[in-house]
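Below is one structure, written out as structure tokens; the observations come after it.
The values are calculated or read from the model by the stated rules, or taken from the named source; none is laboratory data. Computed from a predicted structure; not experimentally measured. In this analysis, Cβ positions are derived from the backbone assuming ideal geometry, glycine residues included, and neighbour counts consider all displayed protein chains. The protein model used for the area step is the full one, side chains on, heavy atoms only, and it has no ligands, DNA or RNA in it. Shrake-Rupley method; radii C 1.70, N 1.55, O 1.52, S 1.80 Å.
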Amino acid sequence: MGSEMMFLFEPFKSESQRPVNHGGNEMKKQTCVVSVICSCALIIILSSCQFDLNVPNLNEPDRERVLSNPRDLEALVSGAYLYYWFGTHYYAPSLSLSVMADEHSSSWNCTADAPTLSNEPRQAWNNSAQYRKEYVTRYPWWYLYRAISMCTDGCTAVNDGHQILGVDGSDQTIRALAYMRFVMGICHAWLGCFFDQGFILDETVDLEVADPVLVPYGDLVDHGVGQLEKCIAICDTAVFRLPDTWINGCDLNQDELKALAHSYIARFRVFEARSRSEREEVDWASVRVHAEQGITEDFFVQGDGNQWWSGLHFLGQAEGWYRSDYKGIGPADTSGNYQIWLDTPVQERQPFFIYTPDLRLCSGVYYEDWEYYCEREGTDFSYRYIIPFRPDRGTYHFSYYYADRYIEHLYTGGASPMPDFLRAEIDLILAEYYLRQGDGDQAAYYINKTRTIRGGLEPVSSADGIGSVSDPRSIFGSLWATLKYEKGIELFGCWPGGAFFDRRGWESLVKNTIIHFPVPGRELEVLMMDNYTFGGGGPGSAPKRMPSRDGWF
């Protein structure tokens, strides 16, 4: 049960203070009303969360009392990461981004707005506050700003001289500060990767006297990285261990939290790019520095089947709901079937069998007792001949294959470990760095770490040629082609937005795909700003990927 605070501001005083408009529509601002979620709730009931800014919740703990009580204060801030999880890992937007990247495929219309976001030709996002799937943008906006607000309150209380005490009464202020900087960092940076613009909020922003300003996505990511760097600085001088309830199942010490913060900096610096040119302009030397100080083991959060669960790893493993898109796994095929499928007009495409030496995928097919069977099972993907999708919604959504690397999450009702950062991602970020430096030997080293061991494939080498970032994903070919292939297969369905953010920066999304989302329509109404949107051939649409006979691939 969370109360919300409404702050009233005067109009922006100059053009430079007006919200950034990447959508081509004039945004009028008269009186700015910003819905900032007050984070003094200690009991969370998700089903009761509404955007009613004018009705006070008399059952809420007194905000000033909570922020001045050292033990209540720790209870308050410790729930911030869970709100980050709410806003990124549930069905929307995690599966929404996956189908937009043609990683997963689905034509069912009940979760994540899958058919609307993945239909071809691509459509513009419906940013109306009345749109029934508007939660695709509302959830990340609302929950991540709630997490930020909780941490902002905590940091403000510390600045005002309050301590944060652990359950045993010991002073745990430093531990809480490191955690709060970490959460504020990943939330701001994720918002910057997902939205075209947003608000920067921390303890330095006095919402009672200052006009909030919508800033472009790059500023959001910069601020997030700055918060993560503050987390790292605290970890360099302190000794602590996070309770395993703050990030469920993860009792990280200061060194482990620092490595995770370095990893997220590397990730977000790469993922913020909206185009190939922006990705080229990334400070890759800095990315390398952070990646080399990143995690050395996979980072999983423990699911409990209650609040801690992941829609991406639950329905994303359910073959009746989501399948693996052929654009996601088709580059593994060595039979020519994938290329035939690509050369077929989109509306005429039909499912096909993949033949591949990659051990992570199923390969081949045989017919016995009136049924088709896979000749060789895969470690990360399974085969199912019967496809549950409706043909009238497009057979190009059809696939015989589905991801099942994390199927335990489905079988346990969401009570299994959930990946949020695999060490393989660090290796492949480093591989891209070396490709951009022209060092094929080092790039091949990092590509081969999972390609040869988990994939069972022959190693790549500098003799394959570096190639170009424009090379399409392929199991064999240039180092650029095999890097993109390896990242797509090894990290399939690992983290919300991973495939989408990569393919956006490589300019390999389907033409007219939304490259980022606008401020949610409901928020624009509160802000008294004109609605705007992206995709479908208008502003914020992905460019055409490559020539094809139908003009859309």
request  = Of all residues in region 285-308, count the ones that are within 18 Å of residue 380 (Cα to Cα) and assigned to a loop (DSSP other than H, G, I, E, B).
outcome  = 1
Residue 527 being open to solvent by less than 20 Å² (accessible area, probe 1.4 Å), of a type in the set (A, V, I, L, M, F, W, C) and under 22 Å from residue 129 (Cα atoms) = yes
ask   = Exactly one of (1) farther than 22 Å from residue 381 by Cα; (2) surrounded by 20 or more Cβ atoms within 10 Å (Cβ to Cβ); (3) of a type in the set (S, T, N, Q) is unmet by residue 541. Its number?
value = (2)
key: Cβ-Cβ under 7 Å pairs, at least 6 apart or on other chains, region 309-320 side over 14 Å from residue 383 (Cα atoms), far side among the hydroxyl-bearing types (Ser, Thr, Tyr) and in a loop (DSSP other than H, G, I, E, B)   = 311/90; 313/406; 315/111; 315/322; 316/322
ask   = Between residues in region 122-133 that are in contact (Cβ under 8 Å) with a residue 12 or more places away in the chain and residues that are of a type in the set (D, E, K, R) and buried (at least 17 other Cβ atoms within 10 Å of the Cβ), which pairs lie under 8 Å by C-beta distance while being six or more apart or on different chains?
value = 122/511; 126/133; 126/134; 127/134; 128/134; 129/522; 133/113
task = Quickly run through region 73-102 and pick out the residues that are of a type in the set (Gly, Ala, Ser), more than 22 Å from residue 328 (Cβ to Cβ) and either open to solvent by less than 10 Å² (accessible area, probe 1.4 Å) or assigned to a loop (DSSP other than H, G, I, E, B) (or both).
result = 78, 79, 80, 87
key: Identity of the residue in region 103-114, open to solvent by 10 Å² or more (accessible area, probe 1.4 Å) and farther than 13 Å from residue 311 by Cβ, that ends up nearest to the chain's Cα centre (by Cα)   = 103
inquiry  = For region 338-360: of the residues being closer than 16 Å to residue 385 by Cα and either assigned to a strand (DSSP E or B) or touching an Asp or Glu at 6+ places or on another chain (Cβ under 7 Å) (or both), which is most open to solvent (accessible area, probe 1.4 Å)?
reply    = 355
Selected residue (criterion: surrounded by the fewest Cβ atoms within 10 Å (Cβ to Cβ)) from residues of region 409-435 that are free of Cβ contacts under 8 Å to residues at least 24 places away in the same chain and farther than 21 Å from residue 497 by Cα = 411
remark   = Exactly one of 452, 379 is open to solvent by 40 Å² or more (accessible area, probe 1.4 Å) and touching a Pro at 6+ places or on another chain (Cβ under 6 Å), and that one is 452
inquiry  = So residue 204 passes all but one of these: (1) at pLDDT 95 or above; (2) over 16 Å from the mean Cα position of the chain (by Cα). Which condition number does it fail?
reply    = (1)
